[in-house]
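The block underneath contains the structure these notes are about, expressed in structure tokens.
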Amino acid sequence: MDRNNHWCISTSSYDRGLQHLLEMWLDVKKEVPDAELHIFYGWTLFDQFYHDNPSSMQWKEKMEAMMKADGVTHHGRVSQPEIEEWYKKCGIWAYSTHFGEINCISALKAQCWGAIPVVTNWAALQTSVKWGKKVDGDIYEPETKEAYKKALIEALKDEKWQEETRREMMPEAKKLFSWEKVAESWDEEFRR
């Protein structure tokens, strides 16, 4: 299985910042013409929560239209083994979030399976992302959005940097984020 360093993967709920990435995607494509964005997660939960909310459903329609942009593939909900294969195919895990989560499982998986993070340095990503590029600031601010776009384009273009980062990141992330390590941390916490 070959990895494509010009492919990005997005695997979080669409209302956690995907819109920012889609809004800049055409600019990314101008700089990296063969770039692709592979989107996973699906609308199932969103539809359950917001099916009777007209503004949320309008936002969904807008998002679905943006997902039809050149180089964007919306895969929807797939199995965990299939997601793992896609992390292993894509060079970059792109997550331009504004969501204040306390943990980010996608960040751990991406690093273990070799999709290098290009993220906003926000909430859980401050501690769960150990490699890649972290952009400070609020992604709603134009300067932050521009800085994120620049970081993403630089990461996509610099295949040597990707390979060097991945060589260190994957084995270290597997040690750091293994279930054994998590269990050990929890055990230490409970004993305190």
Problem - Nonlocal amide H pairs with VAL72, under 5 Å, H built at 1.01 Å - result: LEU37
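Could you give the accessible area per residue of the chain, probe 1.4 Å, as a whole number in Å²?
Values: 10310 Å² over 192 residues.
Accessible area per residue, the chain: 54 Å².
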Exercise for the section: Given the options THR127, THR44, THR73, state which has the largest fluctuation in a GNM of the chain using a 10 Å cut-off (strictly under) for Cα springs. Expected result: THR44
Completion exercise
Taking r as the C-beta separation of PHE49 and GLU180 and R0 as 45 Å, the FRET efficiency to the nearest 0.05 is 0.80
Handout entry: Label-point separation, GLU84 to GLN58 (7 Å along Cα→Cβ), nm
Key = 4.3
Practice task
Post the alpha-carbon centroid distance, region 159-180 to region 39-109, in whole angstrom.
Solution key: 24
Exercise for the section: Report the full-extension gain for the segment GLU164 to LYS68: residue separation times 0.36 nm, less the Cα-Cα distance, to one decimal in nm. Expected result: 31.3 nm
Practice task
Take the chain, connect every pair of alpha-carbon atoms lying under 10 Å apart with a spring to form a Gaussian network, then pick out the residue of ILE139, ILE102, ILE83 with the largest mean-square fluctuation.
Solution key: ILE102
Exercise for the section: Using a Gaussian network model of the chain whose springs link C-alpha atoms within less than 10 Å, name the residue from GLU180, GLU64, GLU146 with the highest mean-square fluctuation. Expected result: GLU180
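Quick one: work out the % antiparallel among DSSP beta bridges in the chain, nearest 5.
Taking every DSSP beta bridge with both residues in the chain, the antiparallel ones total about 0 percent.
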Handout entry: All lysines inside 19 Å of LYS88 as judged from Cα atoms, apart from same-chain residues fewer than 8 positions distant
Key = LYS109, LYS130, LYS133, LYS157, LYS160, LYS174, LYS175
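The values are calculated or read from the model by the stated rules, or taken from the named source; none is laboratory data. Just so it is clear, the structure is predicted and the values come from calculations on it, not from any experiment. In this analysis, Cβ positions are derived from the backbone assuming ideal geometry, glycine residues included, and neighbour counts consider all displayed protein chains. With ligands, DNA and RNA removed, areas are computed over all heavy atoms of the protein, side chains included. Shrake-Rupley method; radii C 1.70, N 1.55, O 1.52, S 1.80 Å.
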